[in-house]
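J.: Below you'll find the structure I mean.
The values are calculated or read from the model by the stated rules, or taken from the named source; none is laboratory data. Remember, it's a predicted structure, so these values are computed and weren't measured experimentally. For neighbour counting, all protein chains shown are included, and Cβ atoms are generated from backbone atoms with ideal geometry for every residue, glycine included. The area values use the complete protein model at the heavy-atom level, side chains included, leaving out ligands, DNA and RNA. Shrake-Rupley method; radii C 1.70, N 1.55, O 1.52, S 1.80 Å.
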Amino acid sequence: MITVEHVTKRYGGQVAVDDVSFTCEPGTVTGFLGPNGAGKSTTMRVLCGLTAPTSGRATVNGVPFAKLPNPGLEVGVLLDASAQHPGRTGREVLGLAAGTLGVSKSKVTAMLERVGLAGAEKKRVGNYSLGMRQRLGIGQALLGDPSVLVLDEPANGLDPEGIAWMRTLLAGFAAEGGTVLLSSHLLHEVQAVADHLVMIGNGRIAADGAKHDLLKGSGSIVKGEDPVALGEGLRAAGLVVTPTTDHFRVDAEPLVVGRAAAAAGLVLTELRPGDAGLEDLFFKITSAPAVTR
Ligand SMILES: Nc1ncnc2c1ncn2[C@@H]1O[C@H](COP(=O)(O)OP(=O)(O)OP(=O)(O)O)[C@@H](O)[C@H]1O
């Protein structure tokens, strides 16, 4: 469980984070979304005890990070994958982390396998790609078997296979009751894995809720075996249909679209909730001017 309560952080006259509050529940993945400079990293640094807030507080499982006796056993943190020592090998990084955490060194081999670095364990981190460093950072975060994960832009540098791997890993972690907070400046990257979304713009929370609720009223995305017949069939059923490059956007919930297609005998190849509302909101906070107070 993560709780952020009325956190404000000022740097001189600039407000980096302005009265930010949200919670992340066990068993869920929370996507923390916002454009560059929105305040994501600052909020995460406050949560992890690396930056003192000007006011407010943040806790992990009810306790401020700095007061956790052995934080790495409670919360796995990946804030900057490029901060790892370039001269150490992947195995050495995890071995040292195991020593600091007080967990058995025998966990290191299994973790190298789990994060897909078994073949590169003897390579120096300076020769790792950014994606490999992200994998190593995630391995380090998981080593203490924590119940909470805090990951700042973990998909940076990962290839499509790496992104799919990370989604599966995070979904599995949450399915076992873990709490995940991950930040990104890319809406679609987070949308696929998060159950809960917190959007931040100019240091302020712009939206906070279950992904399902935030997507409500955003219509549907639909594709069919015969696109021409699908467009005609849905319009004949009284639905408002907008063609895009390879699919249709429909101003109705997926259930309504699916029923209309079935009644017209149309074969669908894809049907999912639309994301127009979220995209609009994200665009608004992305394009809002910076504030100095
Ligand atoms: N140590 C600092 N001193 C002064 N200003 C800072 C400091 N750290 C962050 N800021 C400012 O606070 C604001 C929020 O930055 P932050 O790094 O939290 O945003 P972010 O959403 O994580 O963006 P990014 O994805 O680019 O890291 C920015 O305007 C940034 O310039």
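J.: Residues to consider are 181, 187; find the one that is within 16 Å of the ligand (Cβ to nearest atom) and under 23 Å from residue 77 (Cβ atoms).
T.: Numbers: 187 fails: under 23 Å from residue 77 (Cβ atoms).
Just one listed residue meets the conditions, 181.
J.: For segment 223-265, how many residues meet the condition of being surrounded by 11 or more Cβ atoms within 10 Å (Cβ to Cβ), in a loop (DSSP other than H, G, I, E, B) and not acidic (Asp, Glu)?
T.: Residues meeting the conditions: 6.
J.: Out of (1) more than 16 Å from the ligand (Cβ to nearest atom); (2) at pLDDT 95 or above; (3) surrounded by 17 or more Cβ atoms within 10 Å (Cβ to Cβ), what's the single condition that is false for residue 132?
T.: Just one mismatch for residue 132, condition (2).
J.: Inside segment 158-199, can you point out the residues that are among the aliphatic types (A, V, I, L, M) and open to solvent by 30 Å² or more (accessible area, probe 1.4 Å)?
T.: 163, 164, 171, 175, 186, 192, listed by residue number.
J.: Also, I was wondering about something else. Look through 120, 83, 58, 38 and report the one residue that is free of Cβ contacts under 8 Å to residues at least 24 places away in the same chain, aliphatic (A, V, I, L, M) and closer than 30 Å to residue 186 by Cα.
T.: Working: 120 fails: free of Cβ contacts under 8 Å to residues at least 24 places away in the same chain; 58 fails: free of Cβ contacts under 8 Å to residues at least 24 places away in the same chain; 38 fails: free of Cβ contacts under 8 Å to residues at least 24 places away in the same chain.
Criteria check complete, one pass: 83.
J.: Go through the residues of segment 151-163 one by one and say whether even a single one is acidic (Asp, Glu) and either more than 21 Å from the chain's Cα centre (by Cα) or within 16 Å of the ligand (Cβ to nearest atom) (or both). Break it down into steps so the answer makes sense when it comes.
T.: If we filter segment 151-163 for residues that are acidic (Asp, Glu), which is where we start, we get 152-153, 159, 161.
If we keep only those that are either more than 21 Å from the chain's Cα centre (by Cα) or within 16 Å of the ligand (Cβ to nearest atom) (or both) as well, we get 152-153.
Checked segment 151-163: at least one residue is acidic (Asp, Glu) and either more than 21 Å from the chain's Cα centre (by Cα) or within 16 Å of the ligand (Cβ to nearest atom) (or both).
J.: Only one of these is more than 16 Å from the ligand (Cβ to nearest atom), in a loop (DSSP other than H, G, I, E, B), crowded, with 16+ Cβ neighbours inside 10 Å and of a type in the set (A, V, I, L, M, F, W, C): 103, 29. Name it. So that I can check it myself, show each step before the final result.
T.: Numbers: 29 fails: in a loop (DSSP other than H, G, I, E, B).
Only one candidate passes the filter, namely 103.
J.: Next question. From 58, 52, 38, grab the single residue that is within 15 Å of the ligand (Cβ to nearest atom), over 30 Å from residue 121 (Cβ atoms) and touching a helix residue (DSSP H, G or I) at 6+ places or on another chain (Cβ under 6 Å). It would help to see each step written out before you state the result.
T.: Values: 52 fails: touching a helix residue (DSSP H, G or I) at 6+ places or on another chain (Cβ under 6 Å); 38 fails: touching a helix residue (DSSP H, G or I) at 6+ places or on another chain (Cβ under 6 Å).
Criteria check complete, one pass: 58.
One line per residue, one yes/no per condition, for (1) at pLDDT 90 or above; (2) of a type in the set (Gly, Ala, Ser); (3) in a loop (DSSP other than H, G, I, E, B); (4) touching a Ser or Thr at 6+ places or on another chain (Cβ under 9 Å):
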| residue | (1), (2), (3), (4) |
| --- | --- |
| 174 | yes, yes, no, yes |
| 181 | yes, no, no, yes |
| 189 | no, no, no, no |
| 200 | yes, no, no, yes |
| 205 | yes, no, no, yes |
| 214 | no, no, no, no |
